[in-house]
Amino acid sequence: GSYGAWLLEPYSDKPDSYGQNTTPIDTLKQWAQIAYDNGLQFCVHAIGDRGNREVLNIFEEQFSKDPSKKSLRWRVEHAQHLHPDDIPRFAGLGV
């Protein structure tokens, strides 16, 4: 594969690689804040348990200010290779 999923643990066949993050977390946080402030739906592409966890953390941070904003139906495209602990978080955040 391309080793493109951002993982919490290194790839089993490439132990020096955790995959890749293409957009800095601070940038995603800024974009999420803009979407939140303007009542917009926000969509993030994330593959891998680390990538999805980081995105859920950002969503959670925003929605903790006003849980009614969950109605904006923020989403994650291609949510794959998830950590089992994070699966219920999707439902809890309305993602």
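The values are calculated or read from the model by the stated rules, or taken from the named source; none is laboratory data. The model shown is predicted, which means the values in this text are computed figures rather than measured ones. Here the Cβ positions follow ideal geometry from the backbone for every residue, glycine too, while neighbour counts run over all protein chains shown.
Keeping to segment 21-33, report how many residues are within 21 Å of Arg73 (Cβ to Cβ) and in contact (Cβ under 8 Å) with a residue 12 or more places away in the chain.
So the answer is 4.
Taking Val76 and the conditions (1) in a strand (DSSP E or B); (2) within 19 Å of Gly1 (Cβ to Cβ), which numbered condition does it fall short on, given that it satisfies the others?
The single condition Val76 does not satisfy is (2).
For segment 34-54, how many residues are touching a residue at least 40 places away in the same chain (Cβ under 8 Å) and not in a loop (DSSP other than H, G, I, E, B)?
Residues that pass the stated criteria total 7.
Please identify the pairs in which a residue from segment 70-95 that is on the phi > 0 side of the Ramachandran plot has its Cβ atom under 9 Å from the Cβ atom of a residue that is among the charged types (D, E, K, R), counting only partners at least 6 apart or on another chain.
Final answer for the pair search is His81/Asp49; Gly94/Lys70; Gly94/Arg73.
Among the residues of segment 55-70, which ones are at pLDDT 95 or above and in a helix (DSSP H, G or I)?
The answer is Val55, Leu56, Asn57, Ile58, Phe59, Glu60, Glu61, Gln62, Phe63.
Within segment 9-30, can you find the residues that are under 27 Å from Pro67 (Cβ atoms) and either of a type in the set (Lys, Arg) or surrounded by 15 or more Cβ atoms within 10 Å (Cβ to Cβ) (or both)?
The answer is Leu28, Lys29.
Taking into account only those residues within segment 44-74 that are surrounded by fewer than 17 Cβ atoms within 10 Å (Cβ to Cβ) and within 9 Å of the chain's Cα centre (by Cα), which is nearest to Thr22 (Cα to Cα)?
His45
Residue pairs, Cβ under 7 Å, 6 or more apart or interchain, first in segment 1-20 and on the phi < 0 side of the Ramachandran plot and at pLDDT 95 or above, second assigned to a loop (DSSP other than H, G, I, E, B) and exposed (fewer than 11 other Cβ atoms within 10 Å of the Cβ). List them.
Pro10/Asp16
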